[in-house]
Structure formats: C-alpha cells, structure tokens
1. Apply the Karplus parameterisation 6.51 cos²θ - 1.76 cosθ + 1.60, with θ equal to phi minus 60°, to every residue of the stretch 45-57 and state each ³J(HN,Hα) to the nearest whole Hz, in sequence, with x for glycine and proline.
2. Just for the Cα atoms in the chain, what are the lengths along the principal axes, largest first, rounded to whole Å?
3. Among residues other than residue 115 whose Cβ falls under 12 Å from its Cβ, what is the net charge (Lys/Arg +1, Asp/Glu -1)?
4. Leaving out ligands, DNA and RNA, and with a 1.4 Å probe, what % of the accessible surface on the stretch 131-191 is carbon or sulfur?
5. Whole number in Å², please: accessible area per residue of the chain, 1.4 Å probe, ligands, DNA and RNA not counted.
6. Just subtract the alpha-carbon distance of residue 84 and residue 96 from 0.36 nm times their residue separation and send over the number in nm, one decimal.
7. On a 25 Å Cα-Cα criterion, which of the cross-link pairs 38/125; 74/199; 74/118 come out too long?
8. So what is the relative contact order for the chain, in percent, with contacts set as C-alpha pairs under 8 Å and at least six apart?
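The values are calculated or read from the model by the stated rules, or taken from the named source; none is laboratory data. These numbers come from a predicted model, not from an experiment. Because the Cβ atoms are built from the backbone with ideal geometry, glycine has one as well, and the counts that use them run over all protein chains shown. Surface areas here come from the heavy atoms of the whole protein model, side chains and all, with no ligands, DNA or RNA. Shrake-Rupley method; radii C 1.70, N 1.55, O 1.52, S 1.80 Å.
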Amino acid sequence: MIVNKLEFLLMNNPIRTYIQDRLEAKRLRKLSSLPSGKVVLEIGCGNGTGAKLIKKYFSPKEIYAVDLDERMIKLAKENNTDSSIYFEVGDASSLKYKSNQFDAIFDFGIIHHIPNWKDCLKELKRVLKPGGKLILEDLSIETFNGFFGWFMKKTLKHPYDTMYKRNDFIDYLKTLDFNIVREQSYHPMIKYFVVIAKK
C-alpha cells in the first residue's frame, strides 16, 4: 500500500527518526536475543532509517530492505552508503526471495498497511529460516478506536476494513506454527504492540 502525502511527510522527518532510534529500535534490541552476523530482511523499509538502526543495534552481516513505494526506495538508496544494505521495491505479500533465506525479519509498523496481512505473514514464514525470528512492532485496529483513532482515520490512508485485531494477529502467527517468544502491548496516545516470534 502506498501512503498518502501526509503520511509520507510524517515518515520522512527528524521526529520520526528520533522515535525509531530512541524508542523502537532500542526496545526491540532489549526484547530480542538475535545474535550479530545474521542475514535479515526489513519489510516496509521506507527511507532507509529502519535498516540503518537494524545495522546499529543488531549488527547483521547483510540487510535486504523492501518497500512497495518507489519514492521511498529512491530516498533510501540516495541516503545509503553501507554496501551491506540492499534496498529494493518489493511487496511483502509476494517476496522474490527464496525460501528459508533469512535469519530474521523486521517490521517497524508496516503490516497494518497491508490489506492481505495473512498472505504477508505466510510469505514471511516462507522466507524465514527454520529457527529464524520475526521481530515485529505494529498497530492493530484497536489503535484507531477513540477520538485520536478517529482523527487518524480521517487523515491517514489505511485498509481499516481488513485490518486485524491484535489477538487475531497473534492467533494467526500461532496457526502458522510460530512460537511467540515475547509479546507486549503499549498504550500511550498511539497504541501498538511488539511481538518476537520464532519459526
């Protein structure tokens, strides 16, 4: 799903970068036991900030980073000087990678943008190695309840009619035979949850 102009601006500003660095990436590092030197995938990589933070906090050998939005990939490539990070246009529900390719897959709030989220999770399972980890931080439809959620619905483009409930998301991971290693919900103004799951 391609984001609208407002969300494009929200994703490409220093405040978003600061939040990703100081809160999101650090939190995922504390919750995950992923060792360094691995080959990882980031879905919905946007302008490349997430991949740089994955490199900073997890020290992988290689990062493959995909986004459906060609504008984002153009920005990511322009800002990238690291030869171990590969940015490509790609659909997280239909990845070009071979099965069992990655040691870990990262998601910084992308799966809630994908109408066919179950297909996305199936695809992530396919490209993840046995014993590999999903390291996910995302939003569910519950985030868009209440006044602040109503405001976001009016301003941000999301597939609200097909977006998952948090419990449905976790249950579906279990249906795919993922072992849930960690699961935590956070409830500041924007509700979100973190999941570490193992194939």
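1. Coupling constants for the stretch 45-57: 6, x, 7, x, 4, x, 4, 4, 6, 4, 4, 5, 9 Hz.
2. In descending order, the Cα extents are 44, 39, 30 Å.
3. -1
4. 54
5. 49
6. On the way: separation 12, 0.36 × 12 = 4.32 nm, distance 1.86 nm.
In short, 2.5 nm is gained.
7. 74/199; 74/118
8. Details: 366 pairs, mean separation 37.9, N = 199.
19 percent.
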